[in-house]
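Read the structure below first, then the notes.
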Amino acid sequence: MIRFDQVSKRYEGGHEALSQLSFHVAPGEMAFVTGHSGAGKSTLLKLLGLIERPSHGLITLDGQSLSKVGRGGIPKLRRRIGMVFQDHRLLMDRTVFANVELPLVIGGIAPVERGRRVRAALEKVGLLAYERQLPATLSTGEQQRVGIARAIVAKPTLLIADEPTGNLDPQLAVEIMSLFAEFQQVGTTVLVASHDLPLIKRMRKRVVVLDHGRLVADVAAQEVL
Amino acid sequence: MTTPSEFPNEAPVMAEAAPRVERSRARPVASWREHHGWSAAASLRRLMSRPVGTLLTVAVMALALALPLTFYLLLGNVQKLGDVLGQNQTVSMFLQPSQSGTAVDLLATKLRERADIATVSVKTPQQGMDELAKMQGFSGALHMLDNNPLPYAIEVLPKPGLNADDVARLVTDLRGMQGVDLVQDSGTWRQRLDALLGVGNRAVLVLAVLLALAVLLVVGNTVRVDIASRSEEIGVLMLVGASRAFVRRPYLYAGIWYGLFSGALAAGVAMLVEIALAEPVTRLSHVYDGKLQVGALPVWVLGAVPLVAALLGWLGARLVSAWQLRKAS
């Protein structure tokens, strides 16, 4: 599904966010990427979403080399990926329904089908009753769940999340992570960047540990204590 | 939140990306139509969400469009007035004093046979003297004359519908006739008016082009500010897979809406000017035996104004959005 092969990323100014990174995530697998602040977790996800390009190395997604994806191909690739952000990135002047509907509108899905799928996604994250509300009227946790509903509504093959529980209380964080685990159970590949080690341990999934842009540990799910 | 077992249909919701792609590919026309419908509605909602700003922009554009329209309308009315006055354009022939009444009658008969002359009226020297006597200040002076110095005169009214060149040809013919001393053409003023109208028409054209540019700039700047204030939203749209064209489309529709609304308002302003002109023109019309009617803008012009304005709005939005979105994304 995801393959990083000797990937490095050096930003303008010389900071090397990732260095010679190689790892592989199988289809339908869920993995955490962890490490201290500045370890390269966010950069890794940005490379997958083609928000950034690697300086060296090869990234493949479903066998497709991302370096061969031109500017015109980026939107198509992003439609195959569901992205969840720590700050939710919701459109605050649109309803919950309209926010979740966006990827389907972009994907050219018919209105009736859109309505069905948005409601299914909102039901999945427990927010069906809030579809007509504006995001600002929801709690932080609820806003994050709207972001998750938006990420899954277009049936992505890959779900990536950057610190999705960063602003949430521990109980809510567990709920959100459990939701990701559910998506993995139905075949979606899930990659979550988080620095919340206790939470990661609790989830008992594969953990990729980064330090200063280098892979320092790759712990299989069954080895997580 | 719920558990997976509560969703027997959850697999289609969360996985199977391929069928989705196939579905949107299988219905490209419907998808294209839906994208445009969504963008048009979204941009309209956006304009309506800030009514004061939208109204001000539309009003500025409408005034810019209404100005050349109003001038065009005024010029049209001046032209009409000229046409009406032109119907009274007479050519006066003063004959040589040696011409007898019989010779003058013969000449008048000859003139009446011409296809480019509507009426011919002969004035004897005595009739001329009587007219002069009626004019204030002349009666005393005329008594001092021993005999009548006035010649026979023939007033010729050209056929209605003759253009300036035809009338000029007629005047030349009249000047060349035997026994004719002097020919006076009252239509010279008409030529001057036509020349002035030509200048006016050109000025309206230049004004229209300049104000069309102003409309482009107004829309362009409005869209530029709109895009700048929505850079966050644009970022989100791109992250969830929107193409540049998709992101840009609502702004193009915004340009079209601005153009349509301002064009319709400009047409309304022009109609108000027509109504305002109607009353004085009617009064003027009475002076010319009701021949003068207020010249209204043709319906096709009124209909075309919003469409042309929409085109201008689209163009302004297109020029600016391409550049601004590149910056924003």
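Mind telling me which of the residues B:Ser92, B:Ser49 ends up being under 21 Å from B:Thr188 (Cβ atoms), surrounded by fewer than 16 Cβ atoms within 10 Å (Cβ to Cβ) and hydroxyl-bearing (Ser, Thr, Tyr)?
Working: B:Ser49 fails: under 21 Å from B:Thr188 (Cβ atoms).
When all the criteria are applied, what remains is B:Ser92.
Does any residue of the stretch B:267-276 turn out to be modelled with pLDDT under 90, farther than 30 Å from A:Ala151 by Cβ and assigned to a loop (DSSP other than H, G, I, E, B)?
For the stretch B:267-276, residues modelled with pLDDT under 90, farther than 30 Å from A:Ala151 by Cβ and assigned to a loop (DSSP other than H, G, I, E, B): absent.
Does the stretch A:10-30 contain any residue that is assigned to a helix (DSSP H, G or I), under 30 Å from A:Gly108 (Cα atoms) and touching a residue at least 12 places away in the same chain (Cβ under 8 Å)? Write out each step before concluding.
In the first step, residues of the stretch A:10-30 are kept if they are assigned to a helix (DSSP H, G or I); the result is none.
No, the conditions are met nowhere in the stretch A:10-30.
Could you please find all residues in the stretch A:52-67 being modelled with pLDDT of 90 or more, part of a helix (DSSP H, G or I) and out of contact with any helix residue (DSSP H, G or I) (no Cβ under 9 Å at 6 or more places or on another chain)?
Answer for the stretch A:52-67, where residues must be modelled with pLDDT of 90 or more, part of a helix (DSSP H, G or I) and out of contact with any helix residue (DSSP H, G or I) (no Cβ under 9 Å at 6 or more places or on another chain): there is none.
Pairs needed: first member in the stretch B:241-256, within 25 Å of B:Val58 (Cα to Cα); second member anywhere, not in a helix (DSSP H, G or I); C-beta distance under 8 Å; at least 6 residues apart or different chains.
Close Cβ pairs satisfying both conditions: B:Val247/B:Ser329.
Considering only the stretch A:69-99, state which residues are more than 8 Å from chain B (Cβ to nearest Cβ), in contact with a helix residue (DSSP H, G or I) (Cβ under 6 Å, 6 or more places away or on another chain) and in contact (Cβ under 8 Å) with a residue 60 or more places away in the chain.
A:Gly82, A:Val84 - these are the residues of the stretch A:69-99 that are more than 8 Å from chain B (Cβ to nearest Cβ), in contact with a helix residue (DSSP H, G or I) (Cβ under 6 Å, 6 or more places away or on another chain) and in contact (Cβ under 8 Å) with a residue 60 or more places away in the chain.
Any idea which of (1) surrounded by 11 or more Cβ atoms within 10 Å (Cβ to Cβ); (2) at pLDDT below 90; (3) not in a loop (DSSP other than H, G, I, E, B) is the one B:Gly140 doesn't satisfy?
Failing condition for B:Gly140: (1).
If you take the residues in the stretch A:100-131 that are at the interface with another protein chain (Cβ under 8 Å from one of its Cβ atoms) and in a loop (DSSP other than H, G, I, E, B), which one is nearest to A:Val190 (Cα to Cα)?
Among residues in the stretch A:100-131 that are at the interface with another protein chain (Cβ under 8 Å from one of its Cβ atoms) and in a loop (DSSP other than H, G, I, E, B), the one nearest to A:Val190 (Cα to Cα) is A:Val125.
Look through the stretch B:238-248, keep the residues that are at the interface with chain A (Cβ under 7 Å from one of its Cβ atoms) and assigned to a helix (DSSP H, G or I), and return whichever of them is nearest to the chain's Cα centre (by Cα). Can you show your working first?
Step one: list which residues in the stretch B:238-248 are at the interface with chain A (Cβ under 7 Å from one of its Cβ atoms), which gives B:239-243, B:246.
If we keep only those that are assigned to a helix (DSSP H, G or I) too, we end up with B:239, B:246.
Numbers: B:Leu239: 48, B:Phe246: 37 Å.
Restricting to residues being at the interface with chain A (Cβ under 7 Å from one of its Cβ atoms) and assigned to a helix (DSSP H, G or I), the top hit is B:Phe246.
Could you identify the single residue in B:Val206, B:Val236, B:Val225 that is closer than 19 Å to B:Leu56 by Cβ, hydrophobic (A, V, I, L, M, F, W, C) and either without any contact (Cβ under 8 Å) to a residue 60 or more places away in the chain or surrounded by fewer than 21 Cβ atoms within 10 Å (Cβ to Cβ) (or both)?
Numbers: B:Val206 fails: closer than 19 Å to B:Leu56 by Cβ; B:Val236 fails: closer than 19 Å to B:Leu56 by Cβ.
On inspection, the qualifying residue turns out to be B:Val225.
Looking at the stretch A:34-51, can you tell me whether even one residue there is of a type in the set (D, E, K, R), at pLDDT 90 or above and in a loop (DSSP other than H, G, I, E, B)?
Taking the stretch A:34-51 first, the residues of a type in the set (D, E, K, R) are A:41, A:46.
From the residues that got through so far, the ones that are at pLDDT 90 or above too are A:41, A:46.
The next check asks that each one be in a loop (DSSP other than H, G, I, E, B); those that pass are none.
No - not one qualifying residue is present in the stretch A:34-51.
Which strands (runs of 3 or more DSSP E) sit wholly inside the stretch A:132-225 and have at least 3 residues that are within 12 Å of chain B (Cβ to nearest Cβ) and buried (at least 20 other Cβ atoms within 10 Å of the Cβ)? First the steps, then the outcome.
Working: elements: A:158-162, A:189-193, A:206-211, A:214-219.
Those strands (runs of 3 or more DSSP E) span A:158-162.
The values are calculated or read from the model by the stated rules, or taken from the named source; none is laboratory data. Quick caveat: nothing in here was measured; it's all calculated off a predicted structure. Note that each Cβ is placed from the backbone with ideal geometry, even for glycine, and that neighbours are counted across all protein chains shown.
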